[in-house]
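One structure below.
The values are calculated or read from the model by the stated rules, or taken from the named source; none is laboratory data. Because the structure is a prediction, the values reported are computed rather than measured. Note: ideal-geometry Cβ built from the backbone for every residue, glycine included; neighbour counts use all protein chains shown. Heads up: the accessible areas ignore ligands, DNA and RNA and are worked out on the full protein's heavy atoms, side chains in. Shrake-Rupley method; radii C 1.70, N 1.55, O 1.52, S 1.80 Å.
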Amino acid sequence: MLGRPNSGALIRITVGPDAFFTKSGQVSIRTSTVVSRGSTRIVDVTEVQLRLAMIRAGVWLTWGICATATLYAVFTWDKPNRELILALLAVGASAGVVIPLLPTEKIVRSRYDNVFFLLWSLADVTLIALLVAADGGGSSPYSAVFFVPLVFAALFYPLPLFVVVGAADVFLYVAASSGGNDFEGALRIPIVAAALGSTAVMCAWLAQSHDRQRVLLNRLSRTDPLTDALNRRGFEERLQVEIADAVRTRQPIGLLMLDLDGFKQVNDNLGHAAGDELLTWVAGAIKSAARPMNSVGRLGGDEFAVLSPGASRHDSSEIARRVSERLSERIQVTIGVASYPEDGISLEELYHAADSELYALKYGAAEQPSGAAQLSWAATMARAVNTRMGGNGDQSRAVRFASGLARRLGWSGPDLDNISLAAMVHDVGKMPVPDRILQKPGPLEPHEYEVVKRHLVKGAEMMGRIEGLAPIAPWLRHARENYDGSGYPDGLSGEQIPLAARMLRVVDAFNAMTSERPYRPAMSMDEALAQLRRDAGRVFDPRCVVEFEAVLTAELARVS
């Protein structure tokens, strides 16, 4: 009387190592997320379409059975209760009209889908029982219809739901058939009841077998066969679910992106079998170093990822450290870290943030540039950040200004190289900041401003983890401290602020004021210099402002 695919394909999401989710990361299968009162569900659109198709099939089946039953009632009109039987059949047929009018897609996506289909099934079985009772009990041919919802439930319902429908089906058959006075009909009751019961047992076994197969297929479709880690599809599903739950619980999420250094040489020198063995070991080592509730995925090739629900950025960095130490037994690894919500609120934003940090670390660590090559590497990152910010700032000018200001303050040698590099990469911590914030045309909301403010700490952490660049890390961290102590991130003031950071504060402010931004036009050099003078002693080191004015005068004389 009704059809609906097994709701075992629609999984209640639980966070744990054995949870599987029905969302595809492939382009060919679209997905959606539903969150309702603590229940997060990710549903394949193809599965939703299948359920809707089976509902339509159930409606047509209802109409077909009602039409056949009506013909039987008409041709046996001389028997009792024909008007009542036709009324019951009209009720059954009306369900075939009402069901398509309901928001069926919304229902099958909701947490109440099992309730809906259970009520529909029980209503059908009750209607069949009333028809049998009205037609004389156990001798009625309507008794055969009891097999229809039983088989349908076995094919398309999860085992617990089928058990309820099967038990109701057998019970109502016995109850409806017991009312007749026909002795021969009464003898049929135990036989048909036994047949229904046997069918129910076989169907229950079938439903259980389907459930196990679905779980196995879900696992296989979401697991990397080589390493037994989640594949990209399974990992992205897990991340989507954690993001959806984090929206409700306001808990952080840590995301680590890992890239094995020099893995290609392993394959080239030792062969793919050795490479596969190493990848398997890496997956196991990551799992052993991470927390038990973490999810480990192999996204492809030598790229791995770790998802850590409830982990702050500090916690995630600690996990990254443990993983790196564990893997160093056999291979070096570069790890980029992102944290929800500070680095992003969507899967794409978190991926971008972690990838950006990984790229910066891997590129810097792999090349270990120096001199002109070092500035070229830094310029590449600086241009990438500036482009994302929608600005047209001249990074080479920032380097000249910083270097000139440092010379006027008595700096020389390696310190000059470092201040030039710091001027180039001072905004590198903005790489993980979402585009929606960096490119916002209007004022930032308070929570968005907090995200931007954290870029200093991130940039310092990134540079501090690259060999040879640790000296510039504190300069980047304190490049937004104000001379009067009103800045961030640590509220340092006066001489507490590293001199390099005070120089960067002046240079960066001048460069920012004289550059186009999505939210304002560029100032003239005279306007920007006047603003520096006004803020000297409050925002900027007065001495740095005076010396910078001399640098600017020399620069203008050079280009005139």
Query - Where a label projected 7 Å from the Cα of Asp78 along Cα→Cβ would reach, residues of the range 128-146 with amide N under 19 Å - result: 135-136, 140-141
Query raised in the report: To the nearest 10 square angstrom, what accessible area does Trp281 show with a 1.4 Å probe?
Result: 50 Å²
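Tally Lys/Arg at +1 and Asp/Glu at -1 over every other residue whose Cβ is under 14 Å from the Cβ of Arg250; what's the total?
-2
Compute the semi-axes of the equivalent ellipsoid of the range 406-560, taking the square root of 5 times each eigenvalue of the Cα gyration tensor, and list them largest first in whole Å.
The three semi-axes for the range 406-560 are 23, 21, 16 Å.
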Query raised in the report: Using a 1.4 angstrom probe with every protein chain in place, what is the largest-first accessible-area order of Val165, Val151?
Result: Val151, Val165
Query raised in the report: Probe 1.4 Å, all protein chains in place: accessible area of Ile335 in Å², nearest 10?
Result: 10 Å²
Query raised in the report: Which whole number in µm²/s is D for the range 224-346 by Stokes-Einstein, with the Kirkwood Rh taken over Cα pairs at 25 °C and 0.890 mPa s?
Result: 168 µm²/s
Query - By accessible area with a 1.4 Å probe, ligands and nucleic acids excluded, highest first: order of Asp417, Asp113, Asp245 - result: Asp417, Asp245, Asp113
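From the mean inverse distance of alpha carbon pairs (Kirkwood) and the Cα radius of gyration, derive Rg over Rh for the range 490-531.
When Rh is taken as the Kirkwood radius, the ratio is 1.09.
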Report summary line: Under the 7 Å Cα-to-Cβ spin-label approximation, Arg322 and Ala175 lie apart by a distance in nanometres of 5.6 nm
Report task. Might you report the magnitude of the Cβ-based charge dipole of the range 438-493 about its Cα centre, with Lys and Arg at +1 and Asp and Glu at -1, to the nearest 20 debye? Result -> 140 debye
Query raised in the report: Points 7 angstrom from Cα along the Cβ direction at Ser524 and Arg407: gap in nanometres?
Result: 2.8 nm
